[in-house]
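Right, one structure below, let's go through it.
The values are calculated or read from the model by the stated rules, or taken from the named source; none is laboratory data. The structure presented is a predicted model; accordingly, all values stated were derived computationally and were not measured. Ideal geometry is used to build each Cβ from the backbone, glycine not excepted, and the neighbour counts take in all protein chains shown. Surface areas here come from the heavy atoms of the whole protein model, side chains and all, with no ligands, DNA or RNA. Shrake-Rupley method; radii C 1.70, N 1.55, O 1.52, S 1.80 Å.
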Amino acid sequence: MRIFISGHNGMVGSAVCRRLSREPNLELITRSRSQLDLTQADQVREFFAEERPDAVVFCAAKVGGIHANNTYPVQFMTDNLLMSVNAIQAAFENNVRRFLFLGSTCIYPRLAPQPIVEDSLLTGPLEPTNEAYALAKIAGLKLCEYYRRQYGVVYHSVMPTNMYGPGDNYHPSNSHVLPALLRRIVEAKENGDSEVVIWGTGAPRREFLYVDDLADAIWRMLNIKEPPSWVNIGTGIDISILDLAKKIAAVVGYEGLIKTDPTKPDGTPRKVCDVSLLKKLGWSAQVSLDEGLRRTFADFVAEARSGVLREA
Ligand SMILES: NC(=O)c1ccc[n+]([C@@H]2O[C@H](COP(=O)([O-])OP(=O)(O)OC[C@H]3O[C@@H](n4cnc5c(N)ncnc54)[C@H](OP(=O)(O)O)[C@@H]3O)[C@@H](O)[C@H]2O)c1
């Protein structure tokens, strides 16, 4: 079995490579963006015709924080649409029977009832700041569903919650909440600061999944003969941002104060996915938040020491 893992240098793609490389009889095919630009249809067609993989795990995407998504909607929409359409089409034309596409819980409606169930996709308006990205992702996910319905190929998707772990982005102002907090708390400890201030009241509740767990869930989904069109991948457990910050402080060994700044916006009060379908399919998260944070802190230190900490 030869599997193409796109975006293998990214956080999710590298975790998928780590997990799948443990399986015997699998040959992993990878290409960096400089070798294969997935927005270029000719390159993608040529690649699939030459390599003819049996399956694809599609981890490539143009991803970014709120600011980048909000400022460059044209690039977020076109790049993601082109990458998905090019790859799904070329895969089908070259007899790829299995295609696993990466969605995200951030493409569900902004006010989806909590915990978010799979059926809530396309039932309401999207979060305006990442609408362009979400629309492109939804198009990719639905295109997989249509290929499956029309041609009988098993093209399907997963909807991961917020991910963290090795290879995360630690940009000081444009990273996700968990890596941003980790970095600030590590720096506060190094600088001997007596307090760290977090944005908002600290009350909003979010869910976090260690990225190696996602990779394991992806492997599980690839082994299901008739998987659902899309399935949430998460822990189903949420935590307040203040409690998350306190857990990170404990892992880092920071003993200063964690203060909130209620003058800053909180965002949506709660975001957590329903994992009933995932459990029915025989998978649940293995790495607890405490364990995941310990591993992530160790990786952060190692990545910073060796000069490969990602900050873009
Ligand atoms: N991280 C999360 O919390 C999270 C949560 C839910 C869902 N997801 C989904 O998981 C997927 C991967 O996310 P990630 O966090 O792993 O992102 P990431 O770390 O930024 O990785 C994305 C990968 O895509 C590659 N890529 C981008 N544009 C490309 C192009 N034109 N041609 C070829 N490759 C290209 C990048 O290559 P370069 O390294 O060369 O730029 C990178 O390796 C995305 O679909 C995302 O929506 C992520």
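Between Gly165, Gly202, Gly152, the GNM of the chain built on Cα springs shorter than 10 angstrom shows Gly152 fluctuating the most.
Annotation note: trypsin sites (Lys or Arg not before Pro) in the stretch 7-88 located in DSSP loop regions with a Cβ neighbour count of at most 11 within 10 Å are Arg22.
Seen from Trp283, the other residues with C-beta closer than 11 Å to its C-beta sum to a net charge of +1, counting Lys and Arg as +1 and Asp and Glu as -1.
Here the chain is assigned +1 on the Cβ of each Lys and Arg and -1 on the Cβ of each Asp and Glu. Its dipole about the Cα centre then comes out at about 440 debye.
From largest to smallest, what semi-axes in whole angstrom does the chain give when each is the square root of 5 times an eigenvalue of its alpha carbon gyration tensor? Display every interim value, and only then the final one.
Working: eigenvalues 219, 88, 71 Å².
Working through the eigenvalues yields semi-axes of 33, 21, 19 Å.
Can you tell me the dipole magnitude for the stretch 73-220 around its Cα centre, using point charges on the Cβ only (Lys, Arg +1; Asp, Glu -1), in Debye to the nearest 20? Before the final figure, lay out each step's value.
On the way: 13 positive and 16 negative charges, 97 e Å.
The calculation lands at about 460 debye.
Reported to the nearest whole Å, the Cα centre-to-centre distance from the stretch 102-172 to the stretch 238-274 is 25.
Taking every C-alpha pair closer than 8 Å and separated by at least 6 residues, the mean separation divided by the residue count of the chain gives a relative contact order of 19 percent. For Ser276 and Glu187, the difference between the fully extended length at 0.36 nm per residue and the C-alpha to C-alpha distance is 28.2 nm. Of the solvent-accessible surface of the stretch 4-57, computed with a 1.4 Å probe over protein heavy atoms with every protein chain present, carbon and sulfur atoms account for 39 percent. With springs only between Cα atoms under 10 Å, which of Ala250, Ala61, Ala90 fluctuates most in a Gaussian network model of the chain? Among Ala250, Ala61, Ala90, the largest GNM mean-square fluctuation belongs to Ala250. Between amide H atoms placed 1.01 Å from N, distances below 5 Å from Leu209 occur with Asn162, Met163, Tyr164, all of them 5 or more places distant or on a separate chain.
Per residue, the accessible area of the stretch 20-85 comes to 58 Å², computed with a 1.4 Å probe over protein heavy atoms only.
What you get for the stretch 1-75, charging only the Cβ of Lys and Arg (+1) and of Asp and Glu (-1), is a dipole of about 300 debye around the Cα centre. Among residues other than Ala180 with Cβ under 15 Å from its Cβ, the summed charge is +2 (Lys and Arg +1, Asp and Glu -1). Give me the net charge of His8's neighbourhood, meaning all other residues with Cβ under 13 Å from the Cβ of His8; Lys, Arg count +1, Asp, Glu -1. Net charge around His8: +4.
For the stretch 212-312, what relative contact order do you get, as a whole percent, if you take Cα pairs closer than 8 Å and at least 6 residues apart? About 38 percent, as a whole number.
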